[in-house]
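Please treat every number below as a calculation from the coordinates, not as lab data. Quick caveat: nothing in here was measured; it's all calculated off a predicted structure.
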Amino acid sequence: MEDGRARSSGGAGLGLAISREIALLHGGALWLADADPGARFVGRFPSAGEPVAAGAR
């Protein structure tokens with residue numbers, strides 16, 4: 001973790017890791033989609049009643 005960035009943004013840089021873990025635990029996914037400039041993260045969660053993806057915890 002870069003100390004300067006964490007200090008200026010008020011966080012420890014764990015948001016994406018936590019978000020990904022939550023998505024995986026619910027049978028979904030979180031990934032980086034092309035975005036120019038910058039970054040765009042996309043999350044997918046199954047709908048109610050939709051089967052949970054294979055490999056979900």
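For the stretch 8-51, what does the alpha-carbon gyration tensor say about shape, rounded, prolate or oblate, given a ≥ b ≥ c as the root eigenvalues, a/c under 1.5 as rounded, and a/b over b/c as prolate? In terms of gyration-tensor shape, oblate.
Net length available on complete extension from Asp36 to Ala12 is 6.1 nm, with 0.36 nm assigned per residue and the Cα-Cα distance removed. Here the 3J(HN,Hα) profile of the stretch 17-33, calculated from phi with Karplus coefficients 6.51, -1.76 and 1.60 at θ = phi - 60°, is 5, 5, 4, 5, 4, 4, 4, 4, 5, 9, x, x, 7, 9, 8, 8, 9 Hz, Gly and Pro shown as x.
Close amide H pairs (under 5 Å, H built 1.01 Å from N) link His26 with no residue at least 5 positions away or on another chain.
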